[in-house]
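Any read-out appearing in this document is the output of simple, stated calculations on the displayed coordinates, not a laboratory observation. What you are looking at is a predicted structure, and each value in this text was computed from that prediction instead of being measured.
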């Protein structure tokens with residue numbers, strides 16, 4: 001599972017380590033990171049979002 005979140009939002013301030021929040025509900029492989037954007041990632045950082053998704057999916 002991949003989790004991406006906004007660094008310009010308050011998610012980290014509210015919950016601390018975002019990946020630790022998801023760990024109890026996920027499969028063994030959990031990864032993710034914050035992106036330098038606001039809440040609307042697809043509109044604000046489309047290239048960075050696409051790059052992370054493609055990296056996660058791996059070679060096709």
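Relative contact order (percent) for the range 2-57, with alpha-carbon contacts under 8 angstrom and 6 or more residues of separation?
41 percent
Using 0.36 nm per residue of separation minus the Cα-Cα distance, give me the extension gain between residue 10 and residue 31 in nm, one decimal.
Once the chain is fully extended between residue 10 and residue 31, it gains 5.6 nm.
Rounded to a whole number of µm²/s, how large is the Stokes-Einstein D of the range 2-57 at 37 °C and 0.692 mPa s, given Rh as the Kirkwood radius over C-alpha pairs?
Reported coefficient: 277 µm²/s.
Can you give the helix-only mean residue ellipticity at 222 nm for the chain, where every DSSP H stretch with n ≥ 4 adds -39500 (n - 2.57) and the sum goes over all residues, rounded to the nearest 500 deg cm²/dmol?
Dividing the helical sum by the residues of the chain leaves -10500 deg cm²/dmol.
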